[in-house]
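Participant: Could you have a look at this structure, given as structure tokens, before my questions?
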Amino acid sequence: MAFNCYWDWSSKLPDELTVEILCRLPEKPLIQFESVWKAWYLLISNVCVPRISSSAPLSGFLFRLIPLPPFSDYRMEYAPSDCRRTPRDRGRFVESYSKLLPFQPIGRDVLDCCNGLLLILHRSSVPSQYYVCNPATKQCVAIPVNPNHLDPIYAVLVFNPVEYPPNNSNNNYKIVRFASSASTATVTHPPELNVFSSVTGKWVNQPVPLQPEPELYGFKWLCKSVYLDGLLYMLSYTKYLLCFDLSADNLNPRAVKLPN
């Protein structure tokens with residue numbers, strides 16, 4: 001009955017007034033209300049969130065730190081927006097997600113971050129166990145284990161609340177794992193990506209045949225990527241920009257030769 005009440009009053013108000021009411025809500029319930037009604041989702045995502053984001057102060061940055069040899073393992077670090085980083089700032093960042101996990105993580109266990117979500121790997125588990133955490137909402141999800149993931153390999157998290165509307169109040173995201181065969185691929189065995197979707201709850205193995213074959217089969221890629229407008233970009237050591245369309249069933253792989 002309460003839901004019908006919300007539906008009735010909001011459907012009779014002009015969008016401008018509905019937006020003014022919604023924007024007065026705290027951020028957490030505002031995002032949760034996206035799943036109440038499609039019209040609310042569009043208003044909150046397209047109007048309320050940009051308005052709040054433009055007026056909200058930037059709290060800080062997440063960045064990857066690679067120590068000098070012999071310590072070659074990277075780790076994710078946090079710095080406040082004024083760049084005056086202190087051990088206390090890092091402690092708060094680690095505490096924001098470590099309490100959500102069933103194990104005590106170290107810096108390099110945080111593999112990636114995307115629009116407020118963290119991708120964390122439990123390295124001592126075999127097969128590899130991934131977790132997706134939202135420090136803001138204090139939520140953490142254990143990703144179903146793939147029995148073929150025997151080695152801890154670099155993976156990335158892709159999430160855009162505008163591209164992937166909420167489903168049953170859960171974030172819709174994908175995890176892209178660079179299969180171990182990628183660095184030893186041959187012409188008869190193209191590199192592979194393992195893609196997990198929170199919508200299906202399953203891992204899917206995706207061969208990604210790339211052209212030109214002689215230069216790209218057997219390539220190695222940099223352990224960092226960029227996700228933009230549904231496309232995942234990464235660089236190979238053979239000086240190619242690789243592009244994968246995560247909305248396409250075959251990922252529509254493309255390779256662009258970089259200038260010398």
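The values are calculated or read from the model by the stated rules, or taken from the named source; none is laboratory data. What you see is a predicted model; the values in this text were computed from it and never measured. We place every Cβ from the backbone using ideal geometry, glycine too, and count neighbours over all the protein chains shown.
Participant: What single numbered condition from (1) modelled with pLDDT under 75; (2) outside any loop (DSSP other than H, G, I, E, B); (3) closer than 26 Å to residue 147 by Cβ fails to hold for residue 73?
Facilitator: (2)
Participant: Let me ask another. Please count how many residues of the stretch 218-230 are surrounded by 17 or more Cβ atoms within 10 Å (Cβ to Cβ) and at pLDDT 85 or above.
Facilitator: Total meeting the criteria: 1.
Participant: While we're here: Identify the residue in the stretch 196-217 that is within 13 Å of residue 240 (Cα to Cα) and among the hydrophobic types (A, V, I, L, M, F, W, C) and, among all such residues, is modelled with the lowest pLDDT. Spell out how you get there, then give the answer.
Facilitator: As a first pass, look at the stretch 196-217 and keep what is within 13 Å of residue 240 (Cα to Cα): 210-217.
This time we only want the ones that are among the hydrophobic types (A, V, I, L, M, F, W, C), so: 210, 216.
On the way: 210: 72, 216: 62.
Applying the filter and picking the extreme gives 216.
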